[in-house]
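Chemist: Submitted below is the structure of interest, expressed as structure tokens.
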Amino acid sequence: MPGIIEFPQVVREAMEQFRDLFANEPQRRHFAEYLTGLMIAERKSVLGINREFAQTTDQSCLNKFLTEVDWDEESLNQRRLEWLQRDSSTQYTDRGVIAIDNVLIDHDGKYIKDVGWFWDHADQRNKIAHDYLFANYVCSSGKHYPLEFRRFRKREQCEATGEEFFNHTNLCCQLVDWVCEREIPGDFTFDSYFTNAEILNHIHSKKTVSTGRAATSAT
């Protein structure tokens with residue numbers, strides 16, 4: 001099977017936008033490899049991404065870039081969101097919608113941090129997965145993109161590592177706070193799973209913040 005011989009145009013543009021957030025060219029190349037793999041590779045694992053390229057380094061190099069190299073994920077995400085504001089079709093507006101939902105991302109393999117057994121209502125089966133909560137921005141143009149996420153960890157996992165446990169309600173409120181602190185305009189929306197008094201009261205308490213309306217929608 002032919003391998004990837006050059007990065008797509010959108011990835012090359014991203015390399016220029018985020019160039020100063022990485023210390024050297026090898027880091028920038030690994031960043032570009034990872035972005036390309038997420039878009040193109042059939043398997044989104046480090047090994048699967050590495051195998052898609054005709055010429056590349058050992059897969060351990062990409063793995064170390066993702067897990068050991070000191071680069072600031074928050075700064076990169078903030079730069080990404082600022083970049084999206086340059087296009088009128090992806091800009092924040094008062095008619096925007098901030099959709100919050102959780103999703104299970106299943107995994108194969110051993111010793112994957114924070115995975116657990118979860119019941120998947122869509123597939124009607126238990127699966128080994130990460131449980132993520134996402135805040136997504138839906139623009140008035142119809143385009144949408146992720147803002148921020150939180151990863152759920154089961155209580156027993158937190159007790160084993162000495163970390164504080166946060167349930168889905170806590171994590172949802174954290175995402176609401178993240179959005180409001182950055183004054184991102186729009187209405188919050190989510191399904192009935194998140195429609196409880198604590199979350200609704202928390203959003204209602206933000207009505208004085210100039211981030212737009214604090215309305216919710218349960219479906």
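The values are calculated or read from the model by the stated rules, or taken from the named source; none is laboratory data. All values reported here derive from a predicted model rather than from experimental measurement. Methodologically, a virtual Cβ is constructed for each residue, glycine included, from the backbone with ideal geometry; neighbour enumeration extends over all protein chains shown. Calculation scope for accessible area: heavy atoms of the full protein, side chains included, ligands and nucleic acids excluded. Shrake-Rupley method; radii C 1.70, N 1.55, O 1.52, S 1.80 Å.
Chemist: Return a single number: how many Lys pairs in the chain, at a sequence separation of 8 or more or on separate chains, have alpha-carbon atoms below 21 angstrom apart.
Modeler: For the chain, the number of qualifying lysine pairs is 11.
Chemist: How far, in nm, would the chain grow between Asp177 and Asn24 when pulled straight, counting 0.36 nm per residue and subtracting the alpha carbon separation?
Modeler: Full extension from Asp177 to Asn24 adds 51.7 nm.
Chemist: Follow-up question, since we're still on this one. Restricting to DSSP H runs of at least four residues, report the calculated mean residue ellipticity at 222 nm for the chain, -39500 (n - 2.57) per run over all residues, nearest 500 deg cm²/dmol.
Modeler: Working: 8 runs with 81 residues, N = 219.
Dividing the helical sum by the residues of the chain leaves -11000 deg cm²/dmol.
Chemist: Here is a follow-up. Looking at the P(r) of segment 23-93, how many percent of alpha-carbon pairs lie beyond 18 Å?
Modeler: 47
Chemist: A further question on this structure: What chymotrypsin sites (Phe, Trp or Tyr not before Pro) in segment 54-156 are in a loop by DSSP, with at most 14 other Cβ atoms within 10 Å of the Cβ?
Modeler: On the way: sites: Phe65, Trp71, Trp83, Tyr92, Tyr111, Trp117, Phe118, Trp119, Tyr132, Phe134, Tyr137, Phe149, Phe152; in loops: Trp71, Tyr92, Tyr111.
Those satisfying the criteria are Tyr111.
Chemist: Tell me, what % of the accessible area of the chain is carbon and sulfur with a 1.4 angstrom probe? Don't skip to the end; give the middle numbers.
Modeler: Working: 6670 of 13340 Å².
On the chain, the fraction of accessible area on carbon and sulfur atoms equals 50 percent.
Chemist: How do 41-50, 28-37 rank on mean C-beta neighbours within 10 Å, highest first?
Modeler: 28-37, 41-50
Chemist: Let me ask something else. In nm, give the distance between the simple-model label positions of Glu42 and Glu198, each being 7 Å from the Cα along the Cα-to-Cβ direction.
Modeler: Between Glu42 and Glu198, the simple spin-label model gives 4.4 nm.
Chemist: Something else now. With a sphere of radius 13 Å drawn around the Cβ of Arg153, what net charge do the other residues whose Cβ falls strictly inside it have (Lys, Arg +1; Asp, Glu -1)? Walk me through the intermediate numbers first.
Modeler: Working: positive: Lys113, Arg150, Arg151, Lys154, Arg155; negative: Asp114, Asp131, Glu156, Glu159, Glu163, Glu164.
So the environment of Arg153 carries a net charge of -1.
Chemist: Per residue, how much accessible area does the chain show when a 1.4 Å probe rolls over the protein heavy atoms, in square angstrom?
Modeler: 61
Chemist: Just the number, please: percent antiparallel of the DSSP beta bridges in the chain, rounded to the nearest 5. Mind dumping the intermediate values first?
Modeler: On the way: 23 of 27 bridges.
Here the antiparallel bridges make up roughly 85 percent for the chain.
Chemist: Count neighbours as other Cβ atoms within 10 Å of each site's Cβ, and list the GluC sites (Glu not before Pro) in segment 109-182 that are DSSP loop with at most 14 such neighbours. Display every interim value, and only then the final one.
Modeler: Values: sites: Glu148, Glu156, Glu159, Glu163, Glu164, Glu181; in loops: Glu163, Glu164.
Answer by residue number: Glu163, Glu164.
Chemist: Could you tell me which of rounded, prolate or oblate describes segment 101-179, using a ≥ b ≥ c as the square roots of the eigenvalues of the alpha-carbon gyration tensor, with rounded for a/c under 1.5 and, failing that, prolate when a/b is larger than b/c and oblate otherwise?
Modeler: Verdict is oblate for segment 101-179.
Chemist: Just one of [x] 46, 41, 35; [y] 53, 43, 32; [z] 55, 53, 30 is Cα extents along the principal axes in Å as worked out from the coordinates here. Which one is it?
Modeler: From the options [x] 46, 41, 35; [y] 53, 43, 32; [z] 55, 53, 30, the structure gives [y].
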